[in-house]
Structures are given as structure tokens and as C-alpha cells.
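Data block below; observations after.
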Amino acid sequence: MRPILVALSLCVCSTTSVLAQDAFDFYARGPYRQAVPRPEAITGYAAGEAQTMYAVMQRYLDTLVATASDRVRIETWGRTTEYRPIRALVITDPANLAKLDQIRAAIAELVDPRKTSAARAQAIAAQTPAIALFQYSVHGNEPAGFEAAMQVAYQLAASDEPQTVELLKSLVIVLNPSANPDGHERFAAWYNSVAVGADHPWAFEQNEPWSITGRYNHYRFDMNRDLVAQSQREVRAMMDGILRWHPQVFVDHHSTTPTFFFPPVAQAVNMNLPAQTTKWFDTYGRGNAAAFDKYGWQYFVRGVFDFFYVGYWDEWSTFQGATGMTYETDGGPEFRRRRDDGTITTLRDGIAHHFIASLATLETTARNRQNRLLDYYDFRRSAMTEAATDRLKRVVIVPGNDPQSAAHVVGLLLRNGIEVTRLRQATSSRAAHGYLSPRAAATARTFPAGSYVIDLNQPQRRIAKALLEPDAELQRTFVDRELAKFRRNRRRGEDADKEEYGFYDITAWSLPLTFNLDAYWTEDAGAAGDPVADTTLAAPPAPTRAASAYLFQNDNPGAVRLALVLEAEGFKVAIGTQPIRANGRTSPRGAFVVRPQRNAPTLHDRIAALGPSFGVTVTSVQTAFPDTGDVGIGSGEVVGLHAPSILVAAGDGISETSYGWTWNFLAREMNAPFTPVPLRAIARMADLQSFNVLIIPDGNGGRMRRELGDDGVERLKAWVRSGGVLIGYGGAGELASNKDVGLSTIATVAPDSGAKPDTTAAGREPALLSPSAPARDRLEWIPGAIFRATLDTTHWLTLGYDRDRLPVFIDGDTFWKPSKGGANAATFTDPVDSLVLSGFTWPDNTARLLKGSTWAVVENQGNGRVVLFLSDPLFRAFLRGPARLLTNAILIGPNR
């Protein structure tokens, strides 16, 4: 996890000697079955002496199944991007194992209070084992959980200790022992090859290289942030596995903190969760504390780790009715790690602490089995009761011109078990609110047939509301506490220590906003439509043979994919910079045009095959003559595009996750090949001119400049001015505007030097404070919010957008003044009270300083262009509204 500066009252460092910790006995709770081997019998070493490779763990899991088949089963949930199996162990009493399907069916009855009475729920709770599902090391370079999973599995599979036997009778335990096999393998192979057990903070083994960083999966996604977007195959597989079991308790095992953390959590807690959530946190916390106190181990609660963002595994599982918790252990990932007081914690310590916490959690669940099952039922029953008094009754998504994005969001909801219907005929609301105008009064509105409706009066109301509500509410006590810190920090001098804010992660993620959907929430219920079970859209018909041109709109992701594939196959594609008149209809600006006259005869068959496969309606145009207006398909406003040949900057100076979001988008969503290169290679690339697009993801602008070097700067400037397009996000803007790079005229708006969380993981470097800026004009760090930008709908970067307002995501402490020498294609020009769409912002600071600033800039440099975005337009893969700005930059930006 990110480095944590915790008040001393929260962090009490252990004084236990290393020798005492190393003496922990994993096998004190026997007797054990002789036929079941201990982990070291398979690995060849004791826990914590090496990083276990995934294949070795899998061999051990298979051994457990073979030697303890009366207690253990194994199931495969899916495969990783690198084709490793995602497998879960199911461990329970032999009698339970024989009736797993019956147990799952009984618990599944508890998820719908409309079908299951309170009396039936009581009967199920009285006689059914509870489900406990433990997930280990979703961050692959946090291996203590990975190693602990094998120890926990052995204890449950092999021990005949009466307490363990009773646990197995009361519970069905599902262990996902490695939630990130690909990241773990990168880390483990590297660490085993270089480690000498050095605890010095600058020792080689203490600092993973950029290309290793096992925290992330193959595509460099943080899979503990992906539950909103569900963009990674591993995440979807694990979601499906968890939903199949309907667990009552879920634990996500992490590291490394100064001392062990377990709930109760810090503020803020998502307000869509019921009071019973924090009650159970206290119950489990006290159970863990009692277990740790027996050993004199240190821990902390109610600090650092909040419960607000629905995209964490612990919180997502809680929104599914479980008591979801994160445990952070204090040992590893290295063999030896030096604490701030000079004492040493070891990987074996971290394994032992997770082992004891896992068993203590099972014991607490067993003691509270019946109440936990009843609360699992009540989680959804009470949600439906609360729906009657909630102002937000339903959400309506109008597919409009982009049915693909609307269907994609509906698919995300369906995977969560949320019920969605589709209108058979138009229906009205007397009190509807548009997402882009949160402070406007409700109006009457009619929604067309085909619109998607999410009625919040359903069992999955809590998670549906959490994903769809325009603005997630923070606890008033938390907000007041943070505002008090803000006021005190404002009063302190520039060089004084500042109080750290309590926001752990972002505060806005509303799916209708992040996908820029035509969406509304209403204060009234309405007629139900047909239940939606499948979001597969019917393929449009293939176009007939065109004499003059093929035309398709730039208003959905499939259209961009089609354009890119056609260009990759050597076909010439053009785009209309103005509305085009053809076939008696007007196509909006941004339509793609492919002319048979300028392409090989194979165009007809290829576009007829590709259009339907990408879900794109392609119109055949038989004449270039426009019946009205000035612009037809042969007009000068229809400009030819240059097929992109793409470089993406990677390596030191670049944020791994920002790079990963771009990689995932280009490779998996756009089918666009690219070449990743380190910035330091720019100076030496003999074939640099063979590329015409360079994307520099977010990162540390100063580090980027050092990586590029003086020769690289000169090569980059010459490359741009010869017709290339440089596309940069966030910190790349700092690079472009560096005085000796000189590729942009942007400047920052009164940046702050005050308190904010460590931003190393985001690749950001604190901006420099203008010495002349008074405290009131210093921008305070923003904990991830969504703002309303205004698009310049006359500029080519905004082609394909049918509205001039666009939700954009900003986190950090940097705003940009408008470019002096270029075009500001997305700016913040609305009144101050209309700029914030969702998320927490600082009063008399954020919106006031945002007003008049810019989010997207295009500057011409010689024959080339520089396109800069203030923040990552692809953030966490749930931000897709601005993605068309990026694809326009890729497709239209190159001038050669």
C-alpha cells in the first residue's frame, strides 16, 4: 500500500525481537493427519524463507485435494491474461462437503426477500453453515497473504484439533489463495533472483524495477480498484466466483503497514451501507484483537483505511451483503524490512499474523453464524424498506446515439445482480433530473422506448445506488473534520507542517457521468419494461455496395475500432469536420467517410464484413452531390486521415497504472497495435520518423525530462515539428511546457504546497508553489472528483460529440491556465456553482480556481501537434466519456 504517515497514536511499533517472531509455530493446533503434507514438504523450505512460485503453490493445492478429499475440493474460476488458472479451495466438514449444492441453494434464497419470508430465513439460518471467503494477495508484491493461504489451508485440511473440527462443521470456507498470479510471478521471480535478506531501505531487493511492480496484473491495473469498471478478466472471474458462493464474510489480505491493520475502518464509510456494517466491523475487530493480544502483537484500527469507494474488494463484497474487510499485515514483501524505529519485521512475521487473523476471523464467524446469516438476509430486506423514503426512485439511461456504451454500463450492472428493464414504449416522469445539471430543478420528461430503467426498489438497491447515484454522500462528521483541517492548514505558513487529510481514495465514480451517458434519475417510479438478461446488441445489416462512399458516425467505440482496422489494412479513411449532407440526410460533424474511388476493390467486401461485426451502421452513398447545403462527401471539409503508427512511453517517470490504462484501451478495446518505448530511447531511435503518434501517459514530469535527456528533447521537438502528434496526460503536460522543451504554453494555476496524501503511486510530483500566491489562491489537493467541462464544438478534437458539456475526472493539485498559443478544446467556463458534478471539493477554493482553466489543449508545432489532457482520459477504465477526445487525437492528429 502507499506509504502511510499515521499519527503516532495509531502506530505502535513492535518491540518483540526478531528471534521471538521467527519462533512462531504454525503447527501448534494439532493433532494433524499424517497423510496430509505440510507446505514445506512440497515447497522445500519453511514459511518465509523464499517467495513461493505460483506453480509450486498449485502443486500444493492439488496435494491437499488428493490427501484430504473428505474435506477439500477445488474449483477453477477462470484464467489470467497470462493463462494461469484462478483456482479456489473449498474446505469444510465431510457432511457439508457432500451437500455443497444444497447449502449454496439455501443461502441463495436469502438474497431475495421478495421470495423468501422472514420465517424461512430464520429456518435457513438455524441449520445452514455460513460461507467465509478469503482472498489473498490481490497485489502480487504483497506475498505474506499468498504464503499464509497455504498455512491456513493446511490447518483446515489436516488438523483434528476439536476447535478446527467445529469450525468446519459451522462454516464452508472458500480460499482464493492467489488473487493476482501474474503480478505475483513477476515479483517472486525477480525477488528470488536478487534477494540477500538486506533490510536497508536502499537495498536493491527493497525497490522493484518499473517493469516488475508485481502490485498490478498483466495490464498494470490495480485490481483492488477495478470493481467499478470490471475491465480485467481476472476481476470478472473472481466476481463471478464470489457471487456464486454468496459469502457472509469476505477478507482481502494485503501488506505492508507498520503494524497490522484490521477493521473497524476509518471514516468515511459509504452512506449507502446500513448501520449493521460497522457493528460487524467491531465484532470482528474485537475477535482479532483477542487473538493478537495472546501473542503481544501490535495492531491498529480506525486509521487510514476508509470504506467509501465501492471499487475495493472489501467494500464491493459488503455491498453484496457480506462483512467485507481488508487486513494489512506488517511483514514482507521483503525477507526483512526495517521499521522507522530500526527494528526489523520479517516476511515470516507477516505470514504468521495473517495466519492468526484468518483463523480468528473464522472463529468469530462460527460463533456468530446464525446472526451473520440473518443479517445477510436483512441487508437486502432493509434496502427495499428504505427505498420507499429515498428521493432517488429510478435511473433511466437513454441509449441515443451510443447504444454500445449504454449496453456496456448495463452489462456492468447485470454482473452485480442488479435488475434492469427496457421500456417497450415511451414513458414519462413528472420529476426527472439530468446528470449534467445536478443543481437544476426537476422537470417533466418523456423517455423513449428502448431506454434502460433501473428501479431502485429491488434487493440490489444498495449497490445499484452506489454505482449510479450522481454524487456519493460523505458522512457529515467526516466532512466537518476535514474542513476544520483545511481551515487550519490555510492559516499556516507555506513551510509549516500541514495536517494530512483523511481521504484514502477518490470520491466520485458515478457510471452515467464517467461514461457520458444520456441519463436521468427520477423522484417517481414508473411503468416497468422487459427484464434485461443479455446486453448483446443486434448486429446492423451489412451495407449495400456503394458507388461514391461509405459513411459511418463517430459516436460509439465500434466506429473508432472500424476506422482503425480499415486503416491498418491499408484503406484510406477520411473524416468530416462539418456536418455532411448525403442520401438526403445530414450526418453530424465527425462522420467517417471511406471512398471506393480512393481504395482497392476489396473495400466493398471488407467493410460489409467489418461493419456488422463492430456493431456499426454503415451507410452506402451513391452520389457525392448534396441535395442541400454546401458540404457533401467530396467537399474540402472531408479531410483524409493518416494511419496512426503509435509509440507509447513506458518505464521510469511514467505511472505504471496510467500506462496500463492506455495499454488496455489500445490493445483490448481499440485493437490498435503500438510500440512501448522508454523515454530515454527517443534520442537513439533510428526509425523514430516511421511513427507519427507518441502517447506519454501520466507521470512525474521532472523525471520524464531527466529520462528524455537533452538529446531526446531535441529529437522529440524535431519529430513533432515534422508532422508527428505528441499526446500527453497530466505530468506529460509539465514535460511539454518545460522551458527547455517548449512544446506547450500551458502553465499551472496557483498550485498548492500543502497537505495531501502521498502521490507516488499516481506518478505525480508536487507542483511548485508560486511565492506570490496568497493562501486563498493556493489550490488544495482534490481527492478525485468529476467536473463539467465545456467543449469547443468547432474544433476537430471534439468531433463526434453531440453535447457541448463533458464530465471529466480530476484528482491531485494541478489546474492549467488556458494555452496562449493554441486551442483550448475543453475548458471550465460555466458558473462556479455549476462546475462540480460529483465528489468532494474544497469551499471557496476548488471550483473558484477551476473557473477559466482548461482540461484539453491542442497546440500546433511546425507541421505537427501537441495534444494535452490535464488528467488521464482513461482513468481506471471506468472513465470513457473523454476517450473520444483521445481517439480523435490519434486518428486526426498526425500530419504525416
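The values are calculated or read from the model by the stated rules, or taken from the named source; none is laboratory data. Please read these numbers as outputs of a predicted model, since none were measured by experiment. Backbone-built Cβ (ideal geometry, glycine too); neighbour counts: all protein chains shown. Quick note on the areas: whole protein, heavy atoms, side chains included, nothing else; ligands and nucleic acids left out. Shrake-Rupley method; radii C 1.70, N 1.55, O 1.52, S 1.80 Å.
General observations
- Nearest-ten-degree value, helix 476-491 long axis tilted from longest Cα axis of the chain: 70
- Per-residue HN-Hα couplings for region 226-242 [Karplus 6.51, -1.76, 1.60; θ = phi - 60°; Hz; x = Gly/Pro]: 9, 6, 7, 6, 6, 7, 9, 4, 5, 5, 5, 5, 6, 4, 4, x, 5
- Here region 195-237 is treated with +1 on each Lys and Arg Cβ and -1 on each Asp and Glu Cβ, and its dipole about the Cα centre works out to around 300 debye.
- Lys/Arg +1, Asp/Glu -1 at C-beta; the chain dipole; positive extreme among TRP796, PHE503, HIS604: HIS604
- Phi to ³J(HN,Hα) by Karplus 6.51 cos²θ - 1.76 cosθ + 1.60 over region 362-374, Hz, x for Gly, Pro: 5, 5, 5, 5, 4, 5, 10, 3, 5, 5, 5, 5, 5
- Relative compactness, the chain, computed as alpha-carbon Rg over 2.2 N^0.38 Å: 0.97
- Here the relative contact order of the chain, from alpha carbon pairs under 8 Å that lie six or more residues apart, stands at 10 percent.
- Accessible area of region 161-252 belonging to carbon and sulfur atoms, whole % at 1.4 Å probe: 57
- Candidate lysines for bridging to LYS485, where Cα separation is under 18 Å - those fewer than 8 sequence places away on the same chain excluded: LYS498, LYS756
- Relative contact order, percent, region 67-221 [alpha-carbon distance under 8 Å, six or more residues apart]: 28
- Sorted on the mean count of surrounding Cβ atoms within 10 Å across their residues, most packed first, peptides 65-71, 345-351 read 345-351, 65-71.
- Neighbour net charge for SER744 - beta-carbon separation under 12 angstrom, K R +1, D E -1: +3
- Of the trypsin sites (Lys or Arg not before Pro) in region 262-346, those whose Cβ has at most 13 other Cβ within 10 Å and which sit in DSSP loop: LYS294
- When the charge dipole of the chain is built from unit charges on Cβ atoms (+1 for Lys and Arg, -1 for Asp and Glu) and taken about the Cα centre, the candidate among THR421, PHE691, VAL409 whose Cα reaches farthest toward its positive end is THR421.
- Using the Cβ of ASP627 as centre and a radius below 14 Å, the other residues enclosed give a net charge of +1, where K and R count +1 and D and E count -1.
- Using alpha-carbon coordinates, inclination of helix 701-721 to the longest axis of the chain, degrees: 20
- In loop segments of region 610-700 as defined by DSSP, there are no GluC sites (Glu not before Pro) with at most 11 further C-beta atoms inside 10 Å of their C-beta.
- Computed accessible area, ARG422, all protein chains, 1.4 angstrom probe, square angstrom: 80
- Helix 100-109 axis, angle to the chain major axis (alpha carbon atoms, nearest 10°): 60
- Sparse-neighbourhood loop sites, trypsin sites (Lys or Arg not before Pro) in region 693-755 - DSSP loop, at most 14 other Cβ within 10 angstrom: LYS739
- Carbon/sulfur fraction of accessible area - region 527-672, other protein chains in place, 1.4 Å, %: 52
- Residues whose placed amide H lies under 5 Å from that of PHE305, excluding near-sequence neighbours: ALA266
- Annotation: amide H-H contacts under 5 Å for SER255 (H modelled 1.01 Å from N, sequence separation of 5 or more, or interchain): THR329.
- Radius 12 Å from Cβ of VAL858, net charge of other residues (Lys, Arg +1; Asp, Glu -1): -1
- Lys/Arg +1, Asp/Glu -1 at C-beta; the chain dipole; positive extreme among ASN845, THR446, LEU708: THR446
- With protein chains left intact and a 1.4 Å probe, residues in the chain average 35 Å² of accessible area per residue.
- Here region 844-896 has 41 percent of its accessible surface on carbon and sulfur atoms, given a 1.4 Å probe and all protein chains in place.
- Dipole in debye (nearest 20) - region 81-219, about Cα centre, beta carbon charges: Lys, Arg +1; Asp, Glu -1: 700
- With distances taken between every two different alpha-carbon atoms, region 650-725 has a Kirkwood hydrodynamic radius of 13.0 Å.
- Dipole magnitude (debye, nearest 20) for the chain, charges at Cβ of Lys, Arg, Asp, Glu: 1700
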